Amino acid sequence: MEITTPVSGVKGVGAKTEQLFQKTGVYTIGDILLRFPREYTRFPEPVEISGASAGKKQAVIVRVESPVIVKRTKAMQIAILNGTHLDKKMECLWFRMPYVRNTLTRGQTFILYGNVQEKGGLLSMEQPVIYTPVQYEAVAGSLQPVYGLTSGLTNNLYKKTLRQVLDAGLLLPDYLPAQTKKTYGLAEYNYAVSQIHFPKDFDALADARRRLVFDEFFLFLLYMQLQKEQGQTLENIYQFREEHLLTPLLEKLPYKLTGAQLRVLDEIIRDLHGPHIMQRLIQGDVGSGKTIVAFLAMYLASASGYQSALMAPTEVLAAQHYETFEQYVELFGIKTHLVLLTGAMTAKQKRRAYERMQLFDDAMIIGTHALFQEKAVYDHLALVITDEQHRFGVRQRETFSLKGESPHILVMSATPIPRTLAIILYGDLDISVIDEVPARRLPIKNCVVGSGWRPNAYEFIRKEIEAGHQAYVICPLVEASENAEGENVTDYCEKLRQALPDGIQVDFLHGKMRSDMKNKVMEAFAANEIQVLVSTTVVEVGVNVPNATVMMIEDAQRFGLAQLHQLRGRVGRSDMQSYCIMINTSDAKGSSKRLDVLNRTNDGFQIASEDLKLRGPGDFFGIRQSGDMEFQLADIYQDARVLQQASDEVKRILDLDRALALPEHEGLLRKAQDYFERQMERLNL
Ligand code: ADP
Ligand code: MG
């Protein structure tokens with residue numbers, strides 16, 4: 001076995017299982033080592049049957065007082081064990097496992113671990129895992145890794161495979177210079193990789209994580225820094241027309257641009273006329289009006305005889321931008337050519353889009369990552385704007401230069417990060433901030449309530465819809481799952497259809513749906529043919545339906561604050577009063593304190609900095625701050641300190657050895673490139 005051996009080289013992984021692994025992005029032994037757990041669970045303290053409650057995964061103490069019965073149905077054999085404690089009964093079932101009766105001998109006590117259900121007053125467990133008290137005690141204290149899975153691939157199989165790989169003792173080269181490790185007290189690479197999967201205790205996990213988080217930031221920043229140097233020397237070969245071209249357009253807008261929008265537009269125009277190509281970030285909180293700024297910049301390109309492109313992270317958002325642009329073209333009465341190019345389009349539609357790109361040298365092209373595909377050929381592409389993109393997606397310069405173009409680059413982001421962090425993370429870009437939201441906006445009214453308040457919430461939504469408005473309801477899960485607790489989109493949609501009057505259309509949206517279905521649902525919601533949209537966080541980024549005035553978030557405590565802020569930003573996009581209802585289904589003190597921050601303020605920057613203060617260093621389970629998972633482990637908010645250290649270290653090394661030619665820096669460049677490729681693949685870029 002070697003790092004490059006396919007996963008099928010592991011014992012017990014056949015062709016079928018290999019395909020499942022590949023679905024999760026794991027092809028080789030190296031891949032499985034470097035794909036880290038999503039979270040960790042601890043086994044719960046065992047409870048007696050009388051203390052067990054339905055709806056949760058629990059470890060239940062069961063004394064075998066009567067023998068196991070094996071029932072034969074037509075389809076299978078079912079082993080049944082009846083347990084009792086203080087008048088409370090529980091039925092435990094195992095399907096197709098008659099042999100458990102040999103294990104569960106009379107007079108002995110076992111810990112049965114699984115999902116507890118309640119049917120007609122009787123508690124039951126299906127297929128619980130069987131432990132002796134001694135066995136259970138051995139696992140109880142440990143942290144169990146949980147991996148991102150795909151249907152058919154269980155967490156247990158994943159763990160077992162990984163265990164074998166780790167036991168084979170393969171060594172990954174530790175590329176970090178010894179001095180770096182010493183300065184920041186970082187763990188050895190191979191130790192960190194093994195402990196992140198199977199931590200021996202909490203401290204070991206914390207050490208492992210810190211090393212790997214450092215690596216992520218370090219490699220990312222190193223790569224970005226090297227890219228930046230290449231970009232800075234690129235000459236601006238484009239001749240843009242003067243900005244007064246935009247004046248008649250601004251007069252036709254139904255509103256006045258804010259001072260911040262005007263200032264940022266000005267900064268962009270200055271760059272477009274500058275000696276080097278632009279590399280700029282526009283940071284603006286949700287609803288601050290970045291789209292119109294993008295349109296105007298692209299129109300300036302078009303009027304100057306150049307093509308420009310706007311890239312969105314999702315099909316839904318690309319389609320929406322395209323429509324918005326169509327409306328602007330009509331409103332302004334201007335001549336230009338719009339092209340939509342997304343991955344979900346049919347081959348014929350794409351061909352037509354390519355033709356239009358060949359035909360019109362002033363085209364404004366809007367799309368998803370399909371914009372980067374080989375077949376997309378541009379003609380004098382002078383400006384590329386990415387909206388709400390992953391930091392890793394901003395690598396177009398390379399892609400475009402391969403196509404013989406060197407466009408100006410503009411990145412638009414609503415991620416509310418403090419300036420000190422932005423300067424590090426976006427160190428390769430100049431930064432503009434839209435720090436003002438359009439006037440006439442009423443601040444969103446917020447509340448954090450328990451699940452008992454749901455009926456009131458539904459009643460409130462009903463009234464808002466009667467007044468002609470619309471609502472979003474966000475659930476953390478797509479469908480009911482054994483591995484996770486929380487509301488799911490599919491069942492919740494049904495529940496709401498029951499709870500709301502017949503005339504109200506309720507539909508759902510989630511990331512596992514086909515792209516054309518997603519677009520359909522989103523279009524119907526935008527057209528108010530659907531009044532309530534039950535969704536996962538896929539609506540988190542960028543979507544603009546100003547008529548929606550209610551955002552209800554189920555299991556709000558399970559989301560990061562920045563993510564909740566992004567979700568809330570989907571409402572309050574017009575001059576109508578909007579509301580955000582956060583349902584807190586946990587009784588942990590910390591969660592209500594965290595949610596309270598959102599209750600108090602609508603300012604993304606303030607939320608981000610409050611959140612930094614509230615989080616302790618050990619607090620890294622479960623919740624991720626940014627919903628976008630740009631880094632695999634690292635979280636820019638809670639790992640801000642490590643980010644700073646990695647940034648300092650990149651600077652030190654590059655100052656010392658710009659070419660990375662010293663022996664102690666051997667392999668760094670390769671690893672950084674490798675890391676980038678891996679991330680791009682993981683993020684499907
Ligand atoms: P974001 O910055 O989150 O991308 P959008 O560009 O989608 O925000 O703008 C949100 C809404 O605000 C849109 O409906 C847009 O038409 C409107 N808008 C943009 N600028 C202004 C302004 N200066 N005054 C009033 N409304 C504006
Ligand atoms: Mg936007």
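The table that follows gives values for the structure above.
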item: Residues that are under 17 Å from L381 (Cβ atoms) and open to solvent by less than 10 Å² (accessible area, probe 1.4 Å), drawn from region 326-341; result: V339, L341
item: Residues of region 250-267 satisfying the condition of being touching a helix residue (DSSP H, G or I) at 6+ places or on another chain (Cβ under 8 Å) and within 16 Å of ligand 2 (Cβ to nearest atom); result: L257, Q261, V264, L265
item: One residue from A301, A319, A312, A297 being of a type in the set (G, A, S) and more than 16 Å from ligand 1 (Cβ to nearest atom); result: A301
item: Residues within region 423-444 that are within 16 Å of ligand 1 (Cβ to nearest atom) and modelled with pLDDT under 85, tallied; result: 4
item: So P67, is it part of a loop (DSSP other than H, G, I, E, B), touching a strand residue (DSSP E or B) at 6+ places or on another chain (Cβ under 9 Å) and over 25 Å from A140 (Cα atoms); result: yes
item: In region 273-288, the residues that are open to solvent by 10 Å² or more (accessible area, probe 1.4 Å) and within 9 Å of ligand 1 (Cβ to nearest atom); result: D285, V286, G287
item: Pairs, first surrounded by fewer than 14 Cβ atoms within 10 Å (Cβ to Cβ) in region 70-95, second assigned to a loop (DSSP other than H, G, I, E, B), C-beta under 8 Å, six or more apart; result: M76/R96; F95/M76; F95/Q127
item: Residue in region 510-523 that is within 16 Å of ligand 1 (Cβ to nearest atom), within 26 Å of T346 (Cβ to Cβ) and of a type outside the set (K, R) present; result: yes
item: Count of residues meeting criterion [assigned to a loop (DSSP other than H, G, I, E, B), away from ligand 1 (no atom under 16 Å from the Cβ) and either modelled with pLDDT under 90 or hydroxyl-bearing (S, T, Y) (or both)] in region 380-406; result: 7
item: Test: V316 is at pLDDT below 90 and in a helix (DSSP H, G or I); result: yes
item: Candidates L310, L317, L338, filtered to the one that is within 16 Å of ligand 2 (Cβ to nearest atom) and closer than 23 Å to Q358 by Cα; result: L310
item: 2 or more residues out of contact with any helix residue (DSSP H, G or I) (no Cβ under 7 Å at 6 or more places or on another chain) and under 30 Å from M224 (Cβ atoms): qualifying strands (runs of 3 or more DSSP E) within region 427-481; result: 430-434
item: Any hit, region 523-544, residues being away from ligand 2 (no atom under 16 Å from the Cβ), among the aromatic types (F, W, Y) and either buried (at least 23 other Cβ atoms within 10 Å of the Cβ) or in a loop (DSSP other than H, G, I, E, B) (or both); result: yes
item: Any hit, region 280-299, residues being under 33 Å from the mean Cα position of the chain (by Cα), among the acidic types (D, E) and assigned to a helix (DSSP H, G or I); result: no
item: Subset of region 247-267 (residues that are open to solvent by less than 60 Å² (accessible area, probe 1.4 Å) and part of a loop (DSSP other than H, G, I, E, B)); result: L253, L257, T258
item: Every residue from region 408-465 that is touching an Asp or Glu at 6+ places or on another chain (Cβ under 7 Å), open to solvent by less than 30 Å² (accessible area, probe 1.4 Å) and within 16 Å of ligand 2 (Cβ to nearest atom); result: M412, S413, A414, P416, S432
item: Residue tally, condition assigned to a strand (DSSP E or B), of a type outside the set (A, V, I, L, M) and open to solvent by less than 20 Å² (accessible area, probe 1.4 Å), over region 101-130; result: 3
item: Pairs where the first residue, in region 535-560, is under 14 Å from E523 (Cα atoms) and the second is away from ligand 2 (no atom under 16 Å from the Cβ) and among the polar types (S, T, N, Q), C-beta under 6 Å, 6+ apart; result: N547/Q470; A548/Q470
item: Residue among E330, E315 that is acidic (D, E) and touching a helix residue (DSSP H, G or I) at 6+ places or on another chain (Cβ under 7 Å); result: E315
item: Test result for L186, in contact with a Cys (Cβ under 9 Å, 6 or more places away or on another chain) and modelled with pLDDT of 95 or more; result: no
item: Conditions (1) open to solvent by 10 Å² or more (accessible area, probe 1.4 Å); (2) aliphatic (A, V, I, L, M); (3) assigned to a helix (DSSP H, G or I); (4) modelled with pLDDT under 90: number failed by A344; result: (3)
item: Hits in region 218-241 - residues which are out of contact with any Leu (no Cβ under 9 Å at 6 or more places or on another chain) and not in a helix (DSSP H, G or I); result: T233, L234, E235, I237, Q239
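The values are calculated or read from the model by the stated rules, or taken from the named source; none is laboratory data. The model shown is predicted, which means the values in this text are computed figures rather than measured ones. For neighbour counting, all protein chains shown are included, and Cβ atoms are generated from backbone atoms with ideal geometry for every residue, glycine included. Surface accessibility is based on the protein's heavy atoms, side chains included, excluding ligands, DNA and RNA. Shrake-Rupley method; radii C 1.70, N 1.55, O 1.52, S 1.80 Å.
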